[in-house]
Amino acid sequence: VIITRGKLVVKCSTAVFHEKSQRILLKGKPVAELKKNQMSGDKMILTLVGEELQNISFSGNARGDFFGNVRDSLKRASNEKYHVEGDSLFMKFKEESLQLMDIYRNGLATYYKEKTPDKVNDMKGEYLRLNFIEEKIDNAIVAGNAQSLYYHFDKGKYKGENQAAGDTI
(Lines give C-alpha, C1' and ligand atoms only; values in the text may rest on other atoms or scores of the structure.)
Protein backbone atom coordinates (compact mmCIF):
# COMPACT_ATOMS: atom_id res chain seq x y z
CA VAL A 1 0.00 0.00 0.00
CA ILE A 2 1.24 3.50 -0.84
CA ILE A 3 -0.61 6.58 0.42
CA THR A 4 0.31 10.09 -0.69
CA ARG A 5 -1.04 13.29 0.89
CA GLY A 6 0.86 16.46 -0.04
CA LYS A 7 4.50 15.82 0.88
CA LEU A 8 3.60 12.77 3.00
CA VAL A 9 4.24 9.31 1.53
CA VAL A 10 3.33 6.22 3.56
CA LYS A 11 4.20 2.64 2.66
CA CYS A 12 2.98 -0.53 4.38
CA SER A 13 1.46 -3.92 3.57
CA THR A 14 -2.06 -3.33 5.01
CA ALA A 15 -4.17 -0.19 5.45
CA VAL A 16 -7.72 0.22 6.77
CA PHE A 17 -9.50 3.59 6.41
CA HIS A 18 -12.10 4.46 9.07
CA GLU A 19 -14.17 7.11 7.32
CA LYS A 20 -16.13 8.34 10.36
CA SER A 21 -13.02 9.04 12.48
CA GLN A 22 -10.84 10.03 9.48
CA ARG A 23 -8.18 7.59 10.66
CA ILE A 24 -6.09 5.16 8.68
CA LEU A 25 -4.68 2.11 10.50
CA LEU A 26 -1.49 0.83 8.85
CA LYS A 27 0.29 -2.45 9.57
CA GLY A 28 3.05 -4.50 7.99
CA LYS A 29 6.21 -2.44 8.43
CA PRO A 30 4.65 1.01 8.01
CA VAL A 31 7.06 3.77 7.03
CA ALA A 32 6.13 7.42 6.65
CA GLU A 33 8.24 9.97 4.78
CA LEU A 34 7.44 13.66 5.12
CA LYS A 35 9.73 15.99 3.26
CA LYS A 36 13.11 14.33 3.95
CA ASN A 37 12.08 12.94 7.35
CA GLN A 38 11.36 9.25 7.95
CA MET A 39 9.33 7.55 10.71
CA SER A 40 8.48 3.89 11.33
CA GLY A 41 7.06 1.44 13.84
CA ASP A 42 5.15 -1.83 14.11
CA LYS A 43 1.76 -0.11 13.71
CA MET A 44 0.81 3.39 12.53
CA ILE A 45 -2.35 5.47 12.74
CA LEU A 46 -2.78 8.55 10.52
CA THR A 47 -5.47 11.07 11.47
CA LEU A 48 -6.69 13.41 8.76
CA VAL A 49 -8.98 16.43 8.68
CA GLY A 50 -10.23 16.32 5.12
CA GLU A 51 -7.05 15.90 3.13
CA GLU A 52 -4.80 17.55 5.73
CA LEU A 53 -2.58 15.49 8.04
CA GLN A 54 -3.50 16.10 11.68
CA ASN A 55 -1.29 13.60 13.49
CA ILE A 56 0.64 10.34 13.20
CA SER A 57 1.08 7.80 15.95
CA PHE A 58 3.30 4.72 16.00
CA SER A 59 3.23 1.87 18.46
CA GLY A 60 5.90 -0.78 18.87
CA ASN A 61 9.53 -0.07 17.97
CA ALA A 62 8.74 3.54 17.04
CA ARG A 63 11.57 5.60 15.58
CA GLY A 64 12.17 8.64 13.44
CA ASP A 65 14.96 10.52 11.73
CA PHE A 66 14.49 14.21 11.05
CA PHE A 67 16.67 16.71 9.25
CA GLY A 68 16.70 20.48 9.43
CA ASN A 69 18.44 23.34 7.69
CA VAL A 70 19.00 26.40 9.85
CA ARG A 71 21.00 29.59 9.77
CA ASP A 72 22.93 30.84 12.77
CA SER A 73 23.09 34.46 13.95
CA LEU A 74 25.78 35.15 11.33
CA LYS A 75 23.48 33.79 8.57
CA ARG A 76 25.66 30.71 8.02
CA ALA A 77 23.78 27.61 6.87
CA SER A 78 23.93 24.48 9.01
CA ASN A 79 22.33 21.05 8.80
CA GLU A 80 20.93 19.31 11.85
CA LYS A 81 19.96 15.69 12.47
CA TYR A 82 17.44 14.48 15.04
CA HIS A 83 16.78 10.85 15.94
CA VAL A 84 13.98 9.64 18.22
CA GLU A 85 12.90 6.23 19.40
CA GLY A 86 10.68 4.61 21.99
CA ASP A 87 7.88 2.11 22.35
CA SER A 88 5.31 4.62 21.07
CA LEU A 89 5.51 7.92 19.25
CA PHE A 90 2.84 10.60 18.68
CA MET A 91 3.35 13.59 16.37
CA LYS A 92 1.01 16.54 15.80
CA PHE A 93 1.22 18.55 12.58
CA LYS A 94 -0.09 21.82 11.22
CA GLU A 95 0.21 22.37 7.46
CA GLU A 96 2.71 19.49 7.30
CA SER A 97 4.97 21.15 9.89
CA LEU A 98 5.73 19.24 13.07
CA GLN A 99 4.28 21.01 16.13
CA LEU A 100 4.92 18.52 18.93
CA MET A 101 6.14 15.01 19.54
CA ASP A 102 5.47 12.69 22.48
CA ILE A 103 7.72 9.65 23.01
CA TYR A 104 6.55 6.96 25.42
CA ARG A 105 8.41 4.19 27.28
CA ASN A 106 12.18 3.97 26.94
CA GLY A 107 12.30 7.23 25.03
CA LEU A 108 15.45 8.59 23.44
CA ALA A 109 15.97 11.78 21.46
CA THR A 110 19.32 12.79 20.00
CA TYR A 111 20.36 15.87 18.08
CA TYR A 112 23.54 17.16 16.51
CA LYS A 113 24.73 19.68 13.97
CA GLU A 114 26.47 18.52 10.80
CA LYS A 115 29.55 20.58 11.70
CA THR A 116 29.95 18.85 15.08
CA PRO A 117 28.89 15.18 14.69
CA ASP A 118 30.99 14.20 17.73
CA LYS A 119 28.81 16.42 19.99
CA VAL A 120 25.54 14.48 20.14
CA ASN A 121 22.99 15.99 22.53
CA ASP A 122 20.64 13.43 24.01
CA MET A 123 17.62 13.05 26.27
CA LYS A 124 16.40 9.77 27.76
CA GLY A 125 13.40 8.95 29.91
CA GLU A 126 10.11 7.12 30.17
CA TYR A 127 8.28 10.09 28.59
CA LEU A 128 9.57 12.89 26.39
CA ARG A 129 7.64 15.83 24.96
CA LEU A 130 9.37 17.88 22.27
CA ASN A 131 7.77 21.16 21.18
CA PHE A 132 8.74 22.59 17.82
CA ILE A 133 8.72 26.05 16.28
CA GLU A 134 9.50 26.25 12.57
CA GLU A 135 10.48 22.56 12.66
CA LYS A 136 13.21 23.10 15.27
CA ILE A 137 13.00 21.91 18.87
CA ASP A 138 11.96 24.89 20.98
CA ASN A 139 11.76 23.09 24.32
CA ALA A 140 11.60 19.61 25.80
CA ILE A 141 10.28 17.85 28.88
CA VAL A 142 11.80 14.54 29.97
CA ALA A 143 10.16 12.56 32.79
CA GLY A 144 10.70 9.23 34.52
CA ASN A 145 14.36 8.43 35.16
CA ALA A 146 15.24 11.50 33.07
CA GLN A 147 18.76 12.06 31.77
CA SER A 148 20.17 14.63 29.39
CA LEU A 149 23.47 15.70 27.88
CA TYR A 150 23.67 19.02 26.07
CA TYR A 151 26.69 20.58 24.36
CA HIS A 152 26.80 24.36 24.59
CA PHE A 153 28.07 26.52 21.73
CA ASP A 154 28.28 30.31 21.52
CA LYS A 155 28.77 31.86 18.09
CA GLY A 156 29.90 28.50 16.76
CA LYS A 157 32.51 27.94 19.47
CA TYR A 158 32.27 25.02 21.89
CA LYS A 159 31.84 26.27 25.47
CA GLY A 160 31.16 23.08 27.45
CA GLU A 161 28.51 20.55 28.28
CA ASN A 162 25.56 20.29 30.64
CA GLN A 163 24.54 16.96 32.15
CA ALA A 164 21.38 16.48 34.17
CA ALA A 165 19.57 13.56 35.78
CA GLY A 166 16.47 13.25 37.94
CA ASP A 167 12.80 12.42 37.84
CA THR A 168 11.95 15.34 35.51
CA ILE A 169 14.07 17.68 33.40
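The values are calculated or read from the model by the stated rules, or taken from the named source; none is laboratory data. Everything numeric here is computed off the predicted structure, so don't read it as measured data. So basically every Cβ, Gly included, is an ideal-geometry build from the backbone, and we count neighbours across all protein chains shown. The accessibility values were calculated without ligands, DNA or RNA, using every heavy atom of the protein model including side chains. Shrake-Rupley method; radii C 1.70, N 1.55, O 1.52, S 1.80 Å.
Share of carbon and sulfur in the accessible area of the range 27-66 stands at 47%, probe radius 1.4 Å.
If Lys and Arg each add +1 and Asp and Glu each add -1, what is the summed charge of the other residues whose beta carbon sits under 11 Å from the beta carbon of G28?
Numbers: positive: K11, K27, K29, K43; negative: D42.
In short, +3.
At a threshold of 8 angstrom on Cα-Cα distance, excluding pairs fewer than six apart, so keeping six or more, what relative contact order does the chain reach in percent? Each step should come with its number before you reach the end.
Values: 454 pairs, mean separation 20.2, N = 169.
Value for the chain: 12 percent.
Across the range 118-131, computed HN-Hα scalar couplings (Karplus, 6.51 cos²θ - 1.76 cosθ + 1.60, θ = phi - 60°) run 7, 10, 8, 6, 9, 9, 9, x, 6, 9, 10, 10, 10, 9 Hz from first to last residue, x flagging Gly and Pro.
Considering only protein heavy atoms, what per residue accessible area in square angstrom results for the range 13-145 with a 1.4 angstrom probe? Each step should come with its number before you reach the end.
Numbers: 7370 Å² over 133 residues.
I get 55 Å² per residue for this part.
Distance from the C-alpha centroid of the range 84-119 to that of the range 1-43: 18 Å, rounded to the whole angstrom.
Using a 1.4 angstrom probe on heavy atoms only, work out the carbon and sulfur share of the accessible area of the range 90-169 in %. Summing carbon and sulfur atoms, their accessible area is 47 percent of the total for the range 90-169. Between (i) 52, 37, 22; (ii) 62, 35, 31; (iii) 69, 33, 29, which matches Cα extents along the principal axes in Å calculated for the structure shown? It is the one labelled (i).
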